[in-house]
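A.B. asks: This is the structure I have questions about; it appears just below.
A short reminder: the numbers here are calculations on the coordinates, not readings from a lab. None of the values given here were measured: they were computed from a predicted structure. In this analysis, Cβ positions are derived from the backbone assuming ideal geometry, glycine residues included, and neighbour counts consider all displayed protein chains.
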Amino acid sequence: MNNISYNFKNRTAVITGGAQGFGFDITKRFLNSGAKVVIWDIDPKMIEKSMKDLNNPNLSSKIVDVSNYQVVEDCVNEITKSSNIDILINNAGITGPTSTLWEYDVDFWKKIVDINLMGTFNCCRAIVPNMIKNNYGRIVNVASVAGKDGNANASAYSAGKAGAIALTKSLGKELADKNIAVNAVTPAGAKTRILDQMTKEHVQRMLSKVPRGRFLEVEEFTSLVCWLSSEENTFSTAAVFDISGGRSTY
């Protein structure tokens, strides 16, 4: 699985939530494929750990709250002073607590949507002009099967990810006449720290819906993201790529 190589030399990638989970594994593969990577993450300890673990001169990082547009724009301006941004992976996200909609904490509901949907919008809005100027870009928005199916007791997360899917379709069409591809991926549950935010019952319920009978391996997910981010992907855009072990096949 990890033997497939992509050529990301002379490419600069921004990966949100890049210090952990999916984002960390994508960062590792991109670096191994020759890319310069900037990871944006909200967790300073995880950033410090990932920088130390990867120990790569092509890697840099920034503490970024993707739900704050001004912070995102300032970071983009800093990068584009000396480099284009060729690849954007919108991976930052939180699940939040599991609760029925009518009992959901209002502020927490808003926070989840702000990170999962507004964070994706903010990064795209700030970075796309540089891609247009350079006539090149690959954007992958990490959504979820929850955005297709709507998970019970996860209305905020489901709504935020559904919004990210719709955003992908709109932006992909807007950029279809340029050499910029915008796609979404919809993983089922995977073996990442995000499972720790959920109750055991919720995790078991997620697993029971997957015909493959297991959770997604992080490396399997990274392989799909790498192809979508590469120059080999010359035609697919505004699309949603399922990686759910058969749970959601549309």
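A.B. asks: Which one of G213, Y104, S158 is farthest out on the positive end of the charge dipole of region 12-239, using unit charges on Cβ (Lys, Arg +1; Asp, Glu -1) and the Cα centre as origin?
C.D. replies: G213
A.B. asks: If the only charges are +1 at each Lys and Arg Cβ and -1 at each Asp and Glu Cβ, what is the size of the charge dipole of region 96-191 around the Cα centre, to the nearest 20 debye?
C.D. replies: Its charge dipole is roughly 420 debye.
A.B. asks: For the chain, give the magnitude of the charge dipole about the Cα centre (Cβ charges: +1 Lys/Arg, -1 Asp/Glu; no others), in debye to the nearest 20.
C.D. replies: About 380 debye.
A.B. asks: Right, here's the next one. Filter the trypsin sites (Lys or Arg not before Pro) in region 178-250 to those in DSSP coil with at most 14 other Cβ atoms within 10 Å of their Cβ, and list the result.
C.D. replies: Loop-located and lightly packed - K191, R212, R214.
A.B. asks: Amide H to amide H under 5 Å from A35: which residues, 5+ apart in sequence or cross-chain, H placed 1.01 Å off N in plane?
C.D. replies: F8
A.B. asks: Another question, if that's okay. Report the local net charge at A164: Lys and Arg +1, Asp and Glu -1, summed over other residues whose C-beta lies under 15 Å from its C-beta.
C.D. replies: Local net charge: +1.
A.B. asks: Hey, another quick one. Which longest run of the chain has no exposed loop site in it, a site being GluC sites (Glu not before Pro) in a DSSP loop with at most 16 other beta carbons within 10 Å, and the site itself not part of the run?
C.D. replies: 1-216
A.B. asks: For an R0 of 30 angstrom, estimate the FRET efficiency from the Cβ-Cβ distance between E220 and N56 and round to the nearest 0.05.
C.D. replies: 0.85
A.B. asks: Once R0 is set to 30 Å, what does the formula 1/(1 + (r/R0)^6) return for the Cβ-Cβ distance between V106 and K173, expressed as a FRET efficiency to the nearest 0.05?
C.D. replies: The computed FRET efficiency comes out at 0.35.
A.B. asks: Using a Gaussian network model of the chain whose springs link C-alpha atoms within less than 10 Å, name the residue from S236, S155, S82 with the highest mean-square fluctuation.
C.D. replies: Of S236, S155, S82, the most mobile in the Gaussian network model is S82.
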